[in-house]
Amino acid sequence: MSGQTKLFGDKAFDLLKELERSSQTIPAFDDDGVRQVLEEIKAIFEENVAQASSYNASGDRSLWPLLNFRHAALQRNKRCLLAYLYERCKRIKALRWEFGPIIPGDIKQSLCEPEVHFFNNYSKSLAAYMCSAGYNQGLPIDLTNNLRPPKSLYIEVRCMEDYGKFELDDGEVIHLKKNSQHYLPRAQVESLVRQGILHHIA
Amino acid sequence: MFVQDLRNDFYRQLVGKRILIVVNYDIDAICASRILQALFKYDHMLYTVVPIMGVTGLKRAYGEHQGDVKFVVLVNCGGCVDIVELLQPAEDVTFFICDSHRPLDVCNIYSDRQVCILGDASLEENIPAFETIFYDSEGEEDDEEGESSDQEQQNNDSGAGESDQEDQAPRGHKLSRLERHEQRILKQRARRQWESERDRIMFEYTQFSYYGRSAALLVFELAWKLSKDNMDLLWWAIVGITEQLLLGKIESGSYTLELEQIQSHVSRLTNKTNDQNTMSASKICFENDLHLVLYRHWPVTESMRYSRYASCQLKLWTLRGEKRLHELLLEMGLPLVHARQTYGAMDLVLRKEFYSMVERLAEKYDIPDIVYGTFTLSYGYRSRYAAADYVYALLAIMESVKKHKTPEDCFLEASDALSRQHKHLLSAGIDQAKLLHAAVFRQVQSSLEARQVHSAGSFFYYVLQEEHAFFSYPYALGLLARFLLRGHVATSRARQAPDLPLIASCPLDAAQGMCLLVGIAPVREDSPRNFFGKAFEQAAQKSGVALLQDFFEPAVVQLRQSDLTRFLDALTVLLT
Amino acid sequence: MSDVEDVPETQLEIDVSDGAGLEEEDDDDMEQITAQKVLEILETAWINEMCAPEILPSQTDMLELMVSQVAHMEEQMRDLDKNDFRAVVHSMELERVRYIMASYLRCRLQKIETYTQHILNQEASREPDDKRLSPEETKFAQEFAANVDEYFHKVATQYMPNQQRGEAEQRIVTPNLMSHVFLKANVAVPAVIVGVDDEEVDMAAGSQHIIPYQLVADLIQNNQAQLI
């Protein structure tokens, strides 16, 4: 252990720092880092167990601070690790609100398999909740719409990419083509605005 | 068909419908479309705005967006081409054309329903009468009759001919063969005569391309009649008409007339706004201003040097001109230290007196036309812009095409820059405009020194050999050409120089070998008439050069670089 | 905060349009309660929910009423001409109501997601009549908790040494009930205990205060005061 240049918990702290500093919506899951932290936890734990048993056997009080110190390091590692996961959790949840039930391909690549699983489960229970929130009317309330207080019925939007045909509630078909500018009912295009296909011109 | 009552015959028709607005790449069009959009927003009408460049762009945009749109508004485009022929729209689609380009296509004028041109028919000049250019259907039948008597015979035998034909047919039988022959020849002769007459009329009609009223102003008047006008809309209309003035699309006489009208709008709207927040609210003022580019945002010396009018009158690209400028500044009492720093940083006293100082000395230094009436917009405590500042900034933005920035992006940016929320876009545009004008001046200076403006007898021509970051775009090339022509005329000793036009060309795209060609009317010509559109067309026919007249400005064309010499030769022959 | 600032404006508009659009509904809708009243209650609940640190009792009934009301109005709207001025006002109004409902539910979900375990524990200790979550929300909360646990387990905790796993109790996030809130008294409330040293304050009707939440939590539940 004395051979290690790094202190206990550095790796775990790095995980968090990386996540905090990344400008992406969600950075790639740091498989390696998580594994290293887990190994560190394990190593500390095993050393502690070994020394604890020798402490029990010999009653050598001088080992006591060391044991305590190791335990604290272990706790810290664990906490950092879980904080890392929890923060990712939060961001994954935000994805659901932002992009709807399907994760965009490029973001999906930075998630690990349990995370995708988590997303799907979350998405499912949210959808189930939204369906039931309509109560006996059978009308699901889409909570992911109406994210902002409505200022006007219609908004002016600019098309940022070729999207193709888009049908409004009243059957009008609008061709959304890059660089065209439209004036459309806010409620119906809100999701497109959130996906970045349309840009709301203030 | 002309639609004069915009409120009832145009706007009322559109209320509650979905509308496609197709906008040309010019500032007047942007302003007009912004006003239209504001109107449509008030009435919660869904619309789609598509910027287009040129005829092919119009065709493509309509093809893509037609969907089930029944009403299409064309802003500053489409008036000069036969819309129905070009776009092949469905029967129930109506086009409203708000186009300042002239002459209008006769098919649009005489379309009875599908194409409506916004504007006053009585303001339009010498539109050919319907009979003189369209052969009525009866005549057509006569013609057929004459061409193939066999067919006529058949018709008579079967008795299936139409009534008037039947009336004629028996008579035809009674006439002897010779007489019939004679009659036919007479008829053909009359027809031929009529045709050549028609061609003459059409040539006269289409010979010159010019501009009508600013589209933005037209639309603003609609807003006024709907009582939905406000300061912003008015300002956009002013920017629209100022563009016409600065790019020589309007005679100074009619500009002055329009000014009076706008002034009454200004005072009406100013009085309407309540007094509460007068300091921070936007305010439009009429004032006499100087034809100096962006002088409010530039040092005075720079602005003088880079302004076409002042620069050419004083020949500021020469050493003597420079001296003369210093003389002027001296007489004005403007210290060089101040003249060389940004106008905004000049002494307040000097700033206040600047206009009157220039005006006083204008006669003496032979720059009397430097004064013109215009409007300024001020809002908040700092920003103050002349309409011309807006125009130059928007022009620069529109032509700031780069690799990652498509022309459409530039268009939308220019459109954004119009609204007051996006002041940073405007100031970026002003900075770009400075670069553009400085580049124009340097180009003029070096070209004149190297004597690159050549005379072809009846016109001057100027050929840029290499692609240029600025001048590969129509407006910038136009600015350059106009500056150059004026500069050349100012230095030239030839007496007829002010009467000669200039053709400037610049390579567009080295890979494709295309170049841009712009024709500029002579200096002495005050009216915005330009005969190059037609002349280019004819020269191309004669020389067999493939010409791309895609722009809605007929005097701006594209052709192969390799064809350029041949084309210019043909043009020389044509114009002498 | 910005959401809350919109409220006065919203309320104003509602008064205007209710006169025209909702009044016909009054008779056949409910015994006494009017659509406008429902909306008022919902609005208060919404603002309270936004401002309170902990989750408040769910307004299931009111929501249900409102949802049916909105559906009904939508039905009526369909007959109106799209360009009628009234149509524009009404649909704007609907949008606002819909936003309030969605925002309210969203706010609750957010709290549920943050304080999942804490809320579930509390719910478990409450009487059936006293539950704060609607059945749907409870279901969602349980699913969510299980989901997070599963994720943690899969990625990390299963690799940890045995003794370190079971401390889920340590991970419970609890709301800070002592955080300060802005509050307006609806009725005069005498002798509210503020601070630790049993200091008392009388709140006049309509007066506004800033005070730690926990001390006034019961006032809000009894509708004697509302958060702002």
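Inspect all residues belonging to segment B:386-402 and state whether any of them is of a type in the set (Gly, Ala, Ser) and either assigned by TED's automatic domain parsing to the domain that holds B:ASP550 or at pLDDT below 85 (or both).
yes
Yes or no: segment B:229-237 includes at least one residue that is in contact with a Gly (Cβ under 6 Å, 6 or more places away or on another chain) and either modelled with pLDDT of 85 or more or assigned to a loop (DSSP other than H, G, I, E, B) (or both).
No: zero hits.
Suppose we filter B:GLY79, B:GLY63, B:GLY57 for residues that are in a helix (DSSP H, G or I), under 20 Å from the mean Cα position of the chain (by Cα) and not assigned by TED's automatic domain parsing to the domain that holds B:GLU408; which single one remains? Step through it out loud before you land on a result.
Working: B:GLY79 fails: in a helix (DSSP H, G or I); B:GLY63 fails: under 20 Å from the mean Cα position of the chain (by Cα).
Step by step, each of B:GLY79, B:GLY63, B:GLY57 is checked, and only B:GLY57 is in a helix (DSSP H, G or I), under 20 Å from the mean Cα position of the chain (by Cα) and not assigned by TED's automatic domain parsing to the domain that holds B:GLU408.
For segment B:181-234, name all the residues that are at negative phi, small (Gly, Ala, Ser) and without any contact (Cβ under 8 Å) to a residue 60 or more places away in the chain.
Listed by number, the residues that qualify are B:ALA190, B:SER196.
Return the residues of segment B:403-424 that are of a type in the set (A, V, I, L, M, F, W, C) and either at pLDDT 90 or above or closer than 19 Å to A:CYS159 by Cβ (or both); say none if nothing qualifies.
Hits for segment B:403-424 are B:CYS410, B:PHE411, B:LEU412, B:ALA414.
Each row is one residue, and each column tells you yes or no for (1) away from chain B (no Cβ under 14 Å); (2) at pLDDT below 75.
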| residue | (1), (2) |
| --- | --- |
| C:MET30 | yes, yes |
| C:ILE33 | yes, yes |
| C:ASP61 | yes, no |
| C:SER91 | no, no |
| C:ALA102 | yes, no |
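Inside segment B:1-48, can you point out the residues that are part of a loop (DSSP other than H, G, I, E, B), within 14 Å of another protein chain (Cβ to nearest Cβ) and crowded, with 24+ Cβ neighbours inside 10 Å?
Answer for segment B:1-48, where residues must be part of a loop (DSSP other than H, G, I, E, B), within 14 Å of another protein chain (Cβ to nearest Cβ) and crowded, with 24+ Cβ neighbours inside 10 Å: just B:TYR25.
From C:THR44, C:THR60, which residue is touching a residue at least 60 places away in the same chain (Cβ under 8 Å), surrounded by fewer than 17 Cβ atoms within 10 Å (Cβ to Cβ) and of a type outside the set (D, E, K, R)?
After ruling out the rest, the residue left standing is C:THR60.
Which of the residues spanning segment A:146-202 are facing chain B (nearest Cβ under 7 Å) and not in a strand (DSSP E or B)?
Within segment A:146-202, A:LEU153, A:GLU172, A:LYS177, A:ASN179, A:SER180, A:ALA202 meet the criteria.
Can you confirm whether segment B:388-408 contains a residue that is under 30 Å from A:GLN181 (Cα atoms) and touching a strand residue (DSSP E or B) at 6+ places or on another chain (Cβ under 7 Å)?
Yes: one or more hits.
Taking segment B:519-569 as the search range and keeping residues that are in a loop (DSSP other than H, G, I, E, B) and touching a Phe, Trp or Tyr at 6+ places or on another chain (Cβ under 6 Å), which one is nearest to B:LYS249 (Cα to Cα)?
Across segment B:519-569, the extreme among qualifying residues is B:PRO528.
A quick yes/no check of all residues on (1) under 20 Å from C:ASN48 (Cβ atoms); (2) of a type outside the set (S, T, N, Q); (3) within 18 Å of the chain's Cα centre (by Cα):
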position: C:LEU105; (1), (2), (3): yes, yes, yes
position: C:GLU113; (1), (2), (3): yes, yes, yes
position: C:GLN117; (1), (2), (3): no, no, no
position: C:ASN121; (1), (2), (3): no, no, no
position: C:PRO128; (1), (2), (3): no, yes, no
position: C:LEU133; (1), (2), (3): yes, yes, yes
position: C:PHE140; (1), (2), (3): no, yes, yes
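Restricting attention to segment B:49-64, report how many residues are crowded, with 23+ Cβ neighbours inside 10 Å and over 19 Å from A:VAL189 (Cα atoms).
Number of matching residues: 5.
The values are calculated or read from the model by the stated rules, or taken from the named source; none is laboratory data. Please read all numbers here as calculations on a predicted model, not as lab measurements. All Cβ positions, even for glycine, are placed from backbone atoms using ideal geometry, and neighbour counts span all protein chains on display.
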